[in-house]
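Have a look at the structure below before the remarks.
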Amino acid sequence: MKIVPIFAQENKQGLFSIHLPGEPEDEATKCIDQWLLDPQYLHDFFTLHQNDLNSGYYEKTISIQQAISYTRDEALFLFERLKELAISGTKSNDETLSLAFKPLRDGDYSQKELQQEKAKTNSQKKWLRIYAIRIAPNTFIVTGGSIKLVGTMNDRPHLQKELLKLNDVRNYLKEEGILDQDDFETFEI
């Protein structure tokens with residue numbers, strides 16, 4: 001595994017991403033490519049998961065073309081917001097990536113070491129998720145992302161895979177002795 005900068009500053013604050021062995025790109029770049037640059041990927045995904053798309057979880061039935069359009073708009077907004085917060089978080093403690101990321105499990109209110117978190121937009125169709133490990137208020141390592149059309153991550157294999165990556169990256173960071181911002185700043189990337 002490698003950690004690569006995405007929207008990062010020289011002081012090792014900002015958004016980073018994990019690059020898994022054998023993968024052509026890191027996880028954040030893969031999400032950008034799939035959600036913003038590859039409409040065929042989105043078409044194939046929504047075709048495969050059309051029952052979930054129209055299950056009523058998001059309250060109404062929409063076409064695959066509408067879903068693609070919503071997804072691309074949401075992805076653009078989400079990545080722009082992450083970039084904005086990653087940059088402003090180095091100048092202000094009030095505007096950090098912590099505004100975009102929340103604990104993975106709703107109801108987890110206390111901060112934990114290497115907290116598993118998710119970022120999503122506040123839009124009506126907020127089915128995109130960026131999953132990350134929190135190092136500090138303005139330092140996160142992306143482990144992956146998904147289009148979540150169901151209630152829980154345990155309901156679909158592609159979401160279960162994201163849970164496994166979160167756990168694997170968390171374990172990797174522990175093995176490397178990265179538990180907080182100080183540890184991360186001394187880690188060679």
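Summary table
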quantity	calculated
Unmet criterion (only one of (1) assigned to a helix (DSSP H, G or I); (2) closer than 28 Å to Asp183 by Cβ; (3) open to solvent by 40 Å² or more (accessible area, probe 1.4 Å)) for Leu82	(3)
Positions within the stretch 44-74 being part of a helix (DSSP H, G or I), open to solvent by 70 Å² or more (accessible area, probe 1.4 Å) and not aromatic (Phe, Trp, Tyr), in sequence order	Asp44, Leu48, Gln50, Asn51, Gln65, Gln66, Arg72, Asp73
Pairs where the first residue, in the stretch 43-57, is within 19 Å of Asp33 (Cα to Cα) and the second is assigned to a helix (DSSP H, G or I), C-beta under 7 Å, 6+ apart	His43/Ile64; His43/Ile68; Phe46/Leu53; Phe46/Ile64; Phe46/Ala67; Phe46/Ile68; Thr47/Ile64
Residue satisfying condition, being touching a Pro at 6+ places or on another chain (Cβ under 9 Å) and not basic (Lys, Arg), within set Ile178, Ile189, Ile147, Ile141	Ile189
Residue check for Ile178: aliphatic (A, V, I, L, M) and assigned to a loop (DSSP other than H, G, I, E, B)	yes
When residues of the stretch 169-189 are limited to those that are without any contact (Cβ under 8 Å) to a residue 40 or more places away in the chain and open to solvent by 70 Å² or more (accessible area, probe 1.4 Å), the one nearest to the chain's Cα centre (by Cα)	Asn171
Only listed residue being more than 23 Å from Leu20 (Cβ to Cβ) and either open to solvent by 20 Å² or more (accessible area, probe 1.4 Å) or among the acidic types (Asp, Glu) (or both), chosen from Leu99, Leu164	Leu99
Single residue of Asn122, Asn167 found to be over 22 Å from Asn11 (Cα atoms) and assigned to a helix (DSSP H, G or I)	Asn167
Subset tally (residues that are at pLDDT 95 or above, of a type in the set (D, E, K, R) and open to solvent by less than 70 Å² (accessible area, probe 1.4 Å)) for the stretch 130-161	1
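The values are calculated or read from the model by the stated rules, or taken from the named source; none is laboratory data. What you see is a predicted model; the values in this text were computed from it and never measured. Backbone-built Cβ (ideal geometry, glycine too); neighbour counts: all protein chains shown. Accessible surface is based on the protein model in full, side chains and every heavy atom, while ligands, DNA and RNA are left aside. Shrake-Rupley method; radii C 1.70, N 1.55, O 1.52, S 1.80 Å.
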